[in-house]
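Every read-out reported here was derived from the displayed coordinates using simple, explicitly stated rules and does not represent laboratory data. The shown structure was predicted, so the numbers you read here are calculated from the model rather than taken from an experiment. FYI the Cβ positions are ideal-geometry reconstructions off the backbone, even for glycines, and counts take in every protein chain you see.
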Amino acid sequence: MTRDSQRRLEGIVALVLFGLTIPAANWLIGNAGTVCVPNGPCLVPVWPGVMAPSGVLMVGLALVLRDIVQRRLGTLAGLGAIGVGTLISATLAPAAIVTASAAAFLLSELADFAIYTPLQRKRFLTAVFASGVVGLVVDSLVFLQLAFGNLDFLAGQIIGKAWMVLFALPLMLLLRRRDERLGLVAA
């Protein structure tokens, strides 16, 4: 397999996984958790004494996967993934949270893109971490305010999404090192 075909394959896999995080997050929030609030989200513990809507784990993962899509397939593919992801989010979200889901997804992914893009060539891990943190904060603020009219679960949202970003960093470091060893230049 050539380097270019390897990059393309990895980008396509990341793109598919990115797309799957959206319906997974929407399903989790309404169906899976240690407790489900009547007419509200299902919750999971993300820290001792801190609960968050269960979809947070997929949202944190989506932010990192979108970075990989951009790294492997280029900035236009990254922006295209954001557009398609927003449509998927609006289509698959429960009726009560369609606007919140789509708006939070669009704004958080664009914030991630804006931070990641200028940093990623020279400071890849910093770019993944910083863009993920900014994206997860934007997503949390927008989603909670639009979906529930309050920020009651803000701490849990941020912590839950941050776990996924932090868990992904060692993988991103391995990816970066492998790219350098194989001479795969970032897109």
Q. Which order results if 4, 112, 152 are arranged by neighbouring Cβ count within 10 Å, fewest first?
A. 4, 152, 112
Q) So what is the relative contact order of the range 3-182, in percent, for Cα pairs below 8 Å that sit 6 or more residues apart? A) 23 percent
(Q) Need the full-extension length gain, residue 84 to residue 169, defined as separation in residues times 0.36 nm minus the C-alpha distance. One decimal, nm. (A) 28.1 nm
(Q) Given 4 °C and 1.567 mPa s, compute D for the range 116-176 with the Stokes-Einstein relation, Rh being the Kirkwood radius over Cα pairs; round to the nearest whole µm²/s. (A) 105 µm²/s
Q) In the chain, which helices (entire DSSP H runs) extend 20 Å or more along their own long axis, judged by Cα positions, while averaging at least 0.5 on the Kyte-Doolittle scale? A) 56-73, 75-92, 98-119, 124-148, 154-182
Q. In which sequence would 47, 27 go, from the one with the fewest C-beta neighbours within 10 Å to the one with the most?
A. 47, 27
**Q.** Alpha carbon convex hull of the range 3-182, volume per residue in cubic angstrom
**A.** 97 Å³
Q | Long-range HN-HN contacts of residue 55 with modeled amide H, under 5 Å | A | 29
Q.
Relative contact order of the range 9-115, please, whole-number percent, based on alpha carbon pairs below 8 angstrom and at least 6 residues apart.
A. 27 percent
Q. Dipole magnitude of the chain about its Cα centre, charges +1 at Lys/Arg Cβ and -1 at Asp/Glu Cβ only, in debye to the nearest 20?
A. 780 debye
